[in-house]
Amino acid sequence: MATIAYPQSYYAASANPVPQRPALQEEVQTDVCVIGAGYTGLSSALFLLENGFSVTVLEAAKVGFGASGRNGGQIVNSYSRDIDVIERTVGPRQAQLLGQMAFEGGRIIRERVAKYNIQCDLKDGGVFAALTSKQMGHLESQKRLWERFGHTQLELMDQKRIREVVACDNYVGGMLDMSGGHIHPLNLALGEAAAVESLGGKIYEQSPAVRIERGANPVVHTPNGRVRAKFIIVAGNAYLGGLVPELAAKSMPCGTQVITTEPLSDELARTLLPQDYCVEDCNYLLDYYRLTSDKRLIFGGGVVYGARDPANIEAIIRPKMLKAFPQLKDVKIDFAWTGNFLLTLSRLPQVGRIGDNIYYSQGCSGHGVTYTHLAGKVLAEALRGQAERFDAFAELPHYPFPGGQMFRVPFSAIGAWYYSLRDRLGV
Ligand SMILES: Cc1cc2nc3c(=O)[nH]c(=O)nc-3n(C[C@H](O)[C@H](O)[C@H](O)COP(=O)(O)OP(=O)(O)OC[C@H]3O[C@@H](n4cnc5c(N)ncnc54)[C@H](O)[C@@H]3O)c2cc1C
């Protein structure tokens, strides 16, 4: 079997030392077999190990190979659809529970970083930037909504104030969330994997789960080994393929692209983002950016429905970067890469259980750095028999995409085009 390496990216090039982990070549027995070593799998594994379970993680490629090692690194609170939408969808009791959890993922990351001494360039402060007065109005109601759920580290910014934190003239205002922030995402995943191993967890790389034998004593098969487990956690997200057909049916992998500049001079970096906050705008297809610890600008945006890899990423993303920062016109792009996230029709995560012992969480639809860390905790609670918070997620409806497998990609692209047009028109 060919070895799968990290894709070329700034993160792979600046990763902390990456240990070679073995592929599974035998039969092992464990309490929980976790499929996928992204944040969902690693967070689940850590919470389970901390609670006395034995855990075996199977990773098809390398730790953090998927979205967790390629993302924008932005710690963004809440879900890809906000709590007011949840309230309207499922009612106040469940929304109350989900709302209380909406700010927990960021705290979990910070606790993990501190407890396991993870070197991942953690910085506090994230900005939501409004391009239109309609978007600014939305941020005002978002602040009221989040405060209702106890989240108070928020500041609304007018046009003058946002210009003090980001050197872009396109914004009419914004909102600063001091419990947001940013990290080197691959180094966070690598640190969490090391923490898993420090607690006795086993991680096998180059070990794709190719078949699950379901039943009272499930078995997960890899090409050269198998894991007998009491429970399975499926955490393959957009890279899972067809391993669990029920999960593929109601979600759609999507690609999004990121570029990284050459290192900027200290002065230019300080001018662009003086407080080193990360920024995302409020468009439906949003742009997001931040500085790295060595003063490069990482800039991401756009969505490719159906996750085809675009031929020339720089040609797609650089113009977006120059629209925000024309002052970077002579700056070279050193890295460009793509990664897949999993979209659901509701844009809310899909969480649940298949039979008695196969648990899953997937599909956070864009904003997943915080949610996936929370998901690990909620899944671990469910395995320990405390399922109230798990049930609050599991009861969220899972809808199929209109158009089925054949037409879901063009239908979603048309939908996104419509919402992007509304953003451009400010309606
Ligand atoms: C380019 C990009 C930018 C993003 N930016 C942000 C951001 O700034 N902020 C934010 O909040 N969110 C962002 N996201 C989303 C966020 O990164 C994801 O929601 C999150 O990382 C998903 O974590 P995960 O563990 O569920 O999935 P992944 O990280 O994708 O991990 C799944 C893992 O499972 C493995 N796997 C799959 N199938 C199998 C199998 N059969 N056997 C064994 N292993 C398997 C894969 O190899 C992979 O390593 C971004 C996503 C992308 C792609």
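Here, each number is a calculation from the coordinates, and none is a lab measurement. Just so it is clear, the structure is predicted and the values come from calculations on it, not from any experiment. In this analysis, Cβ positions are derived from the backbone assuming ideal geometry, glycine residues included, and neighbour counts consider all displayed protein chains.
Some values worked out for this structure:
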{"read-out": "Links that overshoot a 32 Å alpha carbon limit, given the list K134/K377; K230/K250; K134/K323; K202/K332", "value": "K134/K377; K202/K332"}
{"read-out": "Label zone at E155, where the point sits 7 Å out along the Cα-to-Cβ direction: segment 74-105 residues whose backbone N lies under 13 Å", "value": "none"}
{"read-out": "Dipole magnitude of the chain, debye to nearest 20 (Cβ charges: Lys/Arg +1, Asp/Glu -1, about Cα centre)", "value": "600 debye"}
{"read-out": "Estimated 222 nm signal from helices in the chain, with DSSP H stretches of n ≥ 4 weighted -39500 (n - 2.57), rounded to 500", "value": "-10500 deg cm²/dmol"}
{"read-out": "15 Å beta-carbon shell around E164, net charge (K/R +1, D/E -1)", "value": "0"}
{"read-out": "Among G241, G301, G105: highest mean-square fluctuation, GNM of the chain, C-alpha pairs under 10 Å", "value": "G241"}
{"read-out": "Candidates V76, V90, V34, ranked by Gaussian network fluctuation over the chain, Cα under 10 Å, top entry", "value": "V90"}
{"read-out": "Sorted by Cβ neighbour density within 10 Å, fewest at the top, the residues D276, D266", "value": "D266, D276"}
{"read-out": "Listed residues L285, H184, A380: farthest to the positive end of the dipole of the chain (Cβ charges)", "value": "L285"}
{"read-out": "Net dipole in debye of segment 254-395 [+1 Lys, Arg Cβ; -1 Asp, Glu Cβ; about Cα centre; nearest 20]", "value": "160 debye"}
{"read-out": "Student exercise, segment 177-235 dipole from Lys, Arg, Asp, Glu Cβ charges, in Debye to nearest 20", "value": "460 debye"}
